[in-house]
1. Given the conditions (1) part of a loop (DSSP other than H, G, I, E, B); (2) open to solvent by less than 40 Å² (accessible area, probe 1.4 Å); (3) modelled with pLDDT of 95 or more, which single one is not true for GLY27?
2. Is it true that some residue in segment 68-75 is modelled with pLDDT of 85 or more, assigned to a strand (DSSP E or B), surrounded by fewer than 16 Cβ atoms within 10 Å (Cβ to Cβ) and touching an Asp or Glu at 6+ places or on another chain (Cβ under 6 Å)?
3. Is it the case that segment 215-238 has a residue that's more than 24 Å from SER94 (Cβ to Cβ), in a loop (DSSP other than H, G, I, E, B) and without any contact (Cβ under 8 Å) to a residue 40 or more places away in the chain?
4. For the subset of segment 146-186 comprising residues that are exposed (fewer than 12 other Cβ atoms within 10 Å of the Cβ) and in contact (Cβ under 8 Å) with a residue 40 or more places away in the chain, which member is nearest to HIS262 (Cα to Cα)?
5. VAL189 versus (1) open to solvent by less than 10 Å² (accessible area, probe 1.4 Å); (2) hydrophobic (A, V, I, L, M, F, W, C); (3) under 30 Å from ASN237 (Cα atoms); (4) at pLDDT below 95: which is the lone unmet condition?
6. Considering only segment 273-296, how many residues are surrounded by fewer than 11 Cβ atoms within 10 Å (Cβ to Cβ) and assigned to a helix (DSSP H, G or I)?
7. Sort through GLU252, GLU299 and tell me the only one that's closer than 19 Å to LEU156 by Cβ, open to solvent by 60 Å² or more (accessible area, probe 1.4 Å) and touching a residue at least 24 places away in the same chain (Cβ under 8 Å).
8. Any residue at all in segment 227-243 that's open to solvent by 40 Å² or more (accessible area, probe 1.4 Å), of a type in the set (S, T, N, Q) and either over 18 Å from LEU174 (Cα atoms) or at pLDDT 95 or above (or both)?
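The values are calculated or read from the model by the stated rules, or taken from the named source; none is laboratory data. In this text, all values refer to a predicted model and were calculated from it rather than measured experimentally. Don't worry about glycine lacking a Cβ; one is built from the backbone with ideal geometry, like all the others, and counts go over all protein chains shown. The area values use the complete protein model at the heavy-atom level, side chains included, leaving out ligands, DNA and RNA. Shrake-Rupley method; radii C 1.70, N 1.55, O 1.52, S 1.80 Å.
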Amino acid sequence: MKKLGFVLYFLVGAVLVLAAFATKEKGLKENNRTELDRVVSDYEELGDMGFKGFCPMNYKIAFSNGEKDVVVDCYGGDYKVSERAAVYEGLVGSIYKNGEEYEVVVPEYDTWINLQAFSGEQLSAVIWHESFHAYQNAYCGLADRVSTKIMCETELSEHVDHDAEMKRLYAKELEILSRLLDEEKTCNVAEIALEYIHMAEERDRLLTEEEKLSEALYEMMEGSAYYVESRVVRYENGEAVYAKNYLNSAAEYVNGNSKYYHHGMLQCMLLDELDPQWKDSYAFDKNLDEVITQCVAAER
């Protein structure tokens, strides 16, 4: 099944057993409420992070155990709680279109706390990530502009991961972008941007039109959400955890979908250096490479 958002399916028997016990409690559990309170508190400090109109509390948040969703409407400051049958099977972090509204669906805390040891992600950060996907679609209309030529993430990754030259050049792109992470700040941002653009153009010549469109979409959609998520983790946990979870492995080419998250996050970081106001008017109507190219051209 293809859908927007970051979907996590875990087939871990012990975790599923724990989820079954969690179904007995009614309403919004205190630990789920604590995660929502953390998101609200984060927003008071972080705001929209430059993305006009973005607020995670604008979207209903469903805590799911795979059988039942506890849906929380946070808009206006009060938590209005309702229940329904789960809209997704399994343990999912994603978005769900309910009529004309986009909602966020995440595992409930009692399940997630056991998964956190494997994923390293905090539930509050997952809520931010998926809320950003809801924003991309509800506020910016991203889903309405997605071409029918877009390949699903798994199909795309399987194809490019089996081409040695595509992998080599993408790994080189990641290496160039990761120079931004130099703690000594000795890098020349304009030179990094130019070298990156040239490398991306070289690799694009190896891709079909469908592959180019698909990679650009996932870098933009998932990479920007990962960028937002990383800022939340940095604020909640400090520089050491931020570096360990997001920066230290950002330059590594990994088979599968995660390379698009890392690549897109680094593209956003490059844009922050090129033009700190780039997000003011960004509406997900251009891919991140196009915005980088425009910023470089404006400086020349």
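1. (3)
2. No; the residues of segment 68-75 include none that is modelled with pLDDT of 85 or more, assigned to a strand (DSSP E or B), surrounded by fewer than 16 Cβ atoms within 10 Å (Cβ to Cβ) and touching an Asp or Glu at 6+ places or on another chain (Cβ under 6 Å).
3. yes
4. The residue in question is THR154.
5. Condition not satisfied by VAL189: (1).
6. Residues of segment 273-296 that are surrounded by fewer than 11 Cβ atoms within 10 Å (Cβ to Cβ), as a first pass: 276-277, 280-281.
Okay, now just the ones that are also assigned to a helix (DSSP H, G or I), so 280-281.
Residues flagged as surrounded by fewer than 11 Cβ atoms within 10 Å (Cβ to Cβ) and assigned to a helix (DSSP H, G or I) within segment 273-296 amount to 2.
7. On the way: GLU299 fails: closer than 19 Å to LEU156 by Cβ.
Sole residue among the options that is closer than 19 Å to LEU156 by Cβ, open to solvent by 60 Å² or more (accessible area, probe 1.4 Å) and touching a residue at least 24 places away in the same chain (Cβ under 8 Å): GLU252.
8. In the first step, residues of segment 227-243 are kept if they are open to solvent by 40 Å² or more (accessible area, probe 1.4 Å); the result is 231, 234-237, 239-241.
Subsequent filtering for residues that are of a type in the set (S, T, N, Q) retains 237.
Subsequent filtering for residues that are either over 18 Å from LEU174 (Cα atoms) or at pLDDT 95 or above (or both) retains 237.
Yes; the residues of segment 227-243 include at least one that is open to solvent by 40 Å² or more (accessible area, probe 1.4 Å), of a type in the set (S, T, N, Q) and either over 18 Å from LEU174 (Cα atoms) or at pLDDT 95 or above (or both).
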